[in-house]
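Okay, structure first, notes after.
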Amino acid sequence: MSSRCGRGEGQGAAVVIIGGGVTGLSAGWWLAREGVDTLVLDAAAAGWGASGRNGGGCSHHHSPLFREEQRLWPLMDEMLGYPTEFQRNRIRIALDERQFDLYRRASDNGTRQGFRSEVLDPKQVRELVPLAGDNVFGGYFYHFGGHANPHRTLQAYAWALRDCGGRLLQHTRALGFDTRGNRVVSVKTSRGTLACDHVVIAAGPATGEIAALLGVTVPLMSARAEMIVTEPLPPMTLGGVDGNGLYGRQTLRGNLAYGGGPHEWIDLADAEHTRPYSTPLQASIARRLCELLPKAAHARVIRSWAGFIENTPDGRPIIDRPAAVQNLTIATLSSVGFGLSPASGRAIRDLVVTGTCGFTDVSTLTLSRFTSLQPDWTALQGWLPSLVRGGE
Ligand SMILES: Cc1cc2nc3c(=O)[nH]c(=O)nc-3n(C[C@H](O)[C@H](O)[C@H](O)COP(=O)(O)OP(=O)(O)OC[C@H]3O[C@@H](n4cnc5c(N)ncnc54)[C@H](O)[C@@H]3O)c2cc1C
């Protein structure tokens with residue numbers, strides 16, 4: 001990998017990253033801080049995808065990137081030079097025995113990897129979470145995980161990328177590639193051709209269709225997810241409180257920002273599926289939030305939005321350099337990309353620069369695990385696009 005290649009603005013870069021969400025921006029920042037000439041491009045504004053619309057959770061104990069995720073988050077404000085509003089730890093409230101048993105998995109997973117958790121009785125939950133009610137069955141205090149502000153974090157990555165000499169081209173869509181042998185030599189975009197030594201495709205749900213232009217199959221299905229935000233409430237000691245099938249956080253201002261499935265499978269190629277509209281899911285999230293935090297039930301919902309989440313068949317990220325193209329890295333995070341972004345960016349940097357991840361084993365995240373996938377895997381999993389509209 002050559003470092004500063006001396007190409008001028010608009011003419012390309014040593015590494016061109018397609019996708020200016022948290023994955024692409026973090027990878028770009030990790031590369032640029034090592035002096036690698038890096039250009040991140042996005043078809044829309046940076047963070048226009050799921051990266052600017054998510055719950056801000058940073059607790060992915062199932063991932064091989066988990067330890068690095070946990071190590072890096074408390075350091076990110078200093079490393080980036082801008083605030084992410086990261087706050088440590090998480091409380092998960094169970095309203096019944098089934099939820100309590102389910103949430104124990106996070107505790108067990110954390111313990112296996114050296115992170116502490118405590119079981120909370122209903123009284124302890126109510127002491128720690130003043131908005132909780134009499135319906136609490138129990139809970140867990142995870143001394144790991146936490147949450148950050150997605151918009152602050154995106155902005156921090158973008159500014160830090162620029163501070164390190166990296167470039168971000170917004171409103172620039174990747175349309176195709178020029179190749180020589182099994183190498184990509186340039187990316188064709190809506191604003192001209194960008195020469196490159198290496199290309200990273202980190203385009204969220206669009207990663208599959210872009211990789212297909214290079215003959216690389218990336219199995220992905222998109223789902224629509226929603227978040228609601230309440231008016232501000234008195235700040236709790238710990239903003240990372242979830243449960244009852246919801247994820248979310250209390251912002252520094254006091255708003256409760258929550259989301260949670262079931263998600264709606266969509267067809268990105270169908271304009272009808274990508275049109276913004278309200279669905280019954282918002283009402284379901286609001287109802288479950290009232291159950292989770294009954295003392296917040298009076299609060300008005302002041303905002304809501306939807307975003308599209310990328311999903312692989314086994315729910316695990318893909319971070320890989322497929323053998324078919326010598327200078328290509330694929331990175332799509334399968335619905336856990338915000339929290340993992342400090343670590344995924346570092347892993348992508350390693351793959352681009354040295355061909356292998358230097359801090360953890362990412363062999364379980366390669367594309368080769370899908371070689372025997374059935375062509376109709378989405379139907380077999382029941383992930384079929386459908387339209388659910390509010391009021392119908
Ligand atoms: C409601 C919701 C809640 C969520 N909650 C959490 C959470 O609490 N914790 C967590 O870790 N994750 C959460 N997620 C998932 C997380 O947001 C995503 O996994 C993550 O943002 C993916 O980041 P990304 O950069 O890989 O992709 P994206 O954010 O999707 O970014 C991809 C970018 O690529 C660009 N692009 C697409 N096609 C092209 C092209 N042809 N040329 C150039 N650019 C292109 C898009 O414009 C987009 O900006 C949530 C997601 C949603 C929607």
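Counting pairs of alpha carbon atoms under 8 Å apart in space and at least six apart in sequence, what relative contact order in percent does the chain give?
Answer for the chain is 23 percent.
In segment 1-143, what percentage of the DSSP-assigned beta bridges are antiparallel, given to the nearest 5?
Counting only bridges with both partners in segment 1-143, antiparallel ones make up about 70 percent.
Tell me the accessible surface of residue 263 in square angstrom (1.4 angstrom probe, heavy atoms of protein chains only), to the nearest ten.
Near enough 70 Å² of accessible area.
Which one of 324, 223, 379 has the biggest mean-square fluctuation once the chain is modelled by GNM with Cα springs under 10 Å?
379
Output the antiparallel fraction of DSSP beta bridges having both residues in the chain, as a percent to the nearest 5.
Expressed as a percentage, antiparallel bridges in the chain total about 70.
Tell me, what % of the accessible area of segment 160-200 is carbon and sulfur with a 1.4 angstrom probe?
Its accessible area is 43 percent carbon and sulfur atoms.
For segment 303-392, which whole-number percentage of the solvent-accessible area (1.4 Å probe, protein heavy atoms only) is attributable to carbon and sulfur atoms?
Carbon plus sulfur share of accessible area: 52 percent.
Compute, for residue 134, the solvent-accessible surface of its heavy atoms (probe 1.4 Å) with the complete set of protein chains present, and express it in square angstrom to the nearest 10.
140 Å²
With a 1.4 Å probe and every protein chain left in place, work out the accessible area per residue of segment 192-244 in Å², rounded to a whole number.
In whole numbers, segment 192-244 has 28 Å² accessible per residue.
For residue 383 and residue 314, calculate 0.36 nm times their separation in residues minus their Cα-Cα distance, and state this gained length in nm to one decimal.
23.6 nm
To the nearest 20 Debye, how big is the dipole of the chain about its Cα centre, given +1 on the beta carbon of each Lys and Arg and -1 on that of each Asp and Glu?
In debye, rounded to 20, the chain gives about 540.
Where q = 0.17 Å⁻¹, what log10 of I(q)/I(0) comes from the Debye formula for segment 11-112, counting one point per Cα?
-0.95
Pick from 39, 120, 328: which residue has the top mean-square fluctuation in a GNM of the chain where Cα pairs under 10 Å get a spring?
Of the options given, 120 has the highest mean-square fluctuation.
Given a 1.4 Å probe and heavy atoms of the protein chains only, how would you sort 33, 53, largest accessible area at the top?
The ranking, largest first, comes out as 33, 53.
Where only protein heavy atoms count, and the probe is 1.4 Å, what is the accessible area per residue for segment 144-186 in Å²?
46 Å²
For the chain, take the longest principal axis of its alpha carbons; what is the angle in degrees between that and the long axis of helix 280-292, to the nearest 10 within 0 to 90?
The angle comes out near 50 degrees.
Using only the alpha carbons of the chain, determine the length spanned along each of the three principal axes and report them from longest to shortest in whole angstroms.
66, 47, 38
What residue among 187, 201, 227 has its Cα farthest toward the positive end of the dipole of segment 179-257, where the charges are +1 on Lys, Arg and -1 on Asp, Glu, each on the Cβ?
Most positive-ward Cα: 187.
Report, in deg cm²/dmol and to the nearest 500, the calculated mean residue ellipticity at 222 nm for the chain, where each DSSP H run with n ≥ 4 adds -39500 (n - 2.57) and the sum is divided by the residue count.
Result for the chain: -7500 deg cm²/dmol, rounded to the nearest 500.
Under 5 Å between amide hydrogens, which residues at least 5 positions from residue 179 or on another chain qualify, with H placed 1.01 Å from N in the peptide plane?
Amide H to amide H, under 5 Å and 5 or more residues apart or across chains, residue 179 pairs with 185.
Tell me the carbon and sulfur percent of the accessible area for segment 1-102, rounded to whole percent, probe radius 1.4 Å.
That fraction is 47 percent.
Taking the Cα atoms only, what angle lies between the long axis of helix 22-32 and the longest principal axis of the chain, rounded to 10 degrees?
The angle comes out near 50 degrees.
Per q in 0.17, 0.25, 0.26 Å⁻¹, report the Debye log10 I(q)/I(0) for segment 59-136, using one uniform scatterer on each alpha carbon and no solvent.
-0.81, -1.16, -1.19
Please calculate how many Å² of accessible area segment 275-378 carries per residue, with a 1.4 Å probe and no DNA, RNA or ligand atoms counted.
Per residue, segment 275-378 has an accessible area of 42 Å².
Placing +1 at every Lys and Arg Cβ and -1 at every Asp and Glu Cβ, with all other atoms neutral, what dipole size does segment 12-124 have around its Cα centre, in debye to the nearest 20?
340 debye
Relative to the longest principal axis of the chain, what angle (0 to 90°, nearest 10) does the C-alpha long axis of helix 97-112 take?
Once rounded, one gets 50 degrees.
Which residue, 246, 31, 233, tops the fluctuation ranking in a GNM of the chain built on C-alpha contacts under 10 Å?
Top of the fluctuation ranking is 233.
The values are calculated or read from the model by the stated rules, or taken from the named source; none is laboratory data. Every value quoted in this text rests on a predicted model; they were computed, and no experiment measured them. Positions of Cβ are backbone-derived with ideal geometry, glycine not excepted, and every protein chain shown enters the neighbour counts. Keep in mind that these areas ignore ligands, DNA and RNA; they rest on the heavy atoms of the full protein, side chains included. Shrake-Rupley method; radii C 1.70, N 1.55, O 1.52, S 1.80 Å.
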